[in-house]
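Beneath this line is the structure, given in structure tokens, with notes to follow.
The values are calculated or read from the model by the stated rules, or taken from the named source; none is laboratory data. Note that this is a predicted model, so its numbers are computed, not measured. Backbone-built Cβ (ideal geometry, glycine too); neighbour counts: all protein chains shown. Accessible surface is based on the protein model in full, side chains and every heavy atom, while ligands, DNA and RNA are left aside. Shrake-Rupley method; radii C 1.70, N 1.55, O 1.52, S 1.80 Å.
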Amino acid sequence: MTKQQIKTRMEDTIIHAVQTSPEVEAPADLANRVMARLHPKRPSLWMRVRLWFLRPRVLTVRPITAIPAMTLAVALLALVFVTTRKPPEDIGPRLATVRFILHDADMSARKVSVIGSFNNWRADRSVMWYSRDAQAWMLEAQLPPGDHEYLFLVNGKQLVPDPDAPMTSDDGFGNRNSIVFVNGEHEQTL
């Protein structure tokens, strides 16, 4: 007999045995025992991480827990903003302190203001104070660099140029305006 004939005969014997064998009920716990012996293939770490990120999640937020969380998030963002923020660059000119003095030993004036190009010629913005020690009306103002024309307004009526100013300019209305030069380093210069 050849190998093919032996194989065919064996198959016929198995088929006949299965067909003629009596039917027997499987035990009730057969499926559970078979399933208990099967172990699922564990996915790789990369696959588990990927599945975790792709799995849809339900997010439940209650106001009582959301408010502190949002406050913390805003505080952290503000902290990051403040710590990473660059100091502001010097955008404009630095202001210089300029002292205006009008000597008045006999206290003939009741009120004196400085009006000029730096305050739009408004007396209410630069009201001077009287120093008894110096016997003079005084005011310190912050001015940007450049030249500024000004006058003293005495008692709200009389325009008086600064007698100590080294330079004056004609204002076109018959008055002489005093001129102060500011160089941006907290001093007056010519």
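Checked against (1) outside any strand (DSSP E or B); (2) more than 38 Å from the chain's Cα centre (by Cα); (3) exposed (fewer than 15 other Cβ atoms within 10 Å of the Cβ), Ser169 meets all criteria but (1). Restricting Ile64, Ile101, Ile115, Ile15 to those that are farther than 30 Å from Gly156 by Cβ, of a type in the set (A, V, I, L, M, F, W, C) and over 35 Å from the mean Cα position of the chain (by Cα) reduces the list to Ile15. Residues that are outside any loop (DSSP other than H, G, I, E, B), open to solvent by 90 Å² or more (accessible area, probe 1.4 Å) and at pLDDT 90 or above do occur in segment 93-108. Among what's in segment 125-166 and is surrounded by 13 or more Cβ atoms within 10 Å (Cβ to Cβ) and of a type in the set (Ser, Thr, Tyr), pick the residue that is nearest to Val182 (Cα to Cα). My answer is Tyr150. The set of residues from segment 135-166 being more than 19 Å from Thr97 (Cα to Cα) and in a loop (DSSP other than H, G, I, E, B) comprises Gln135, Asn155, Gly156, Lys157, Pro161, Pro163.
Looking across segment 29-60, the residues that are among the hydrophobic types (A, V, I, L, M, F, W, C) and open to solvent by 90 Å² or more (accessible area, probe 1.4 Å) come down to Met35, Leu38, Leu45, Trp46, Trp52, Phe53, Leu54, Val58, Leu59.
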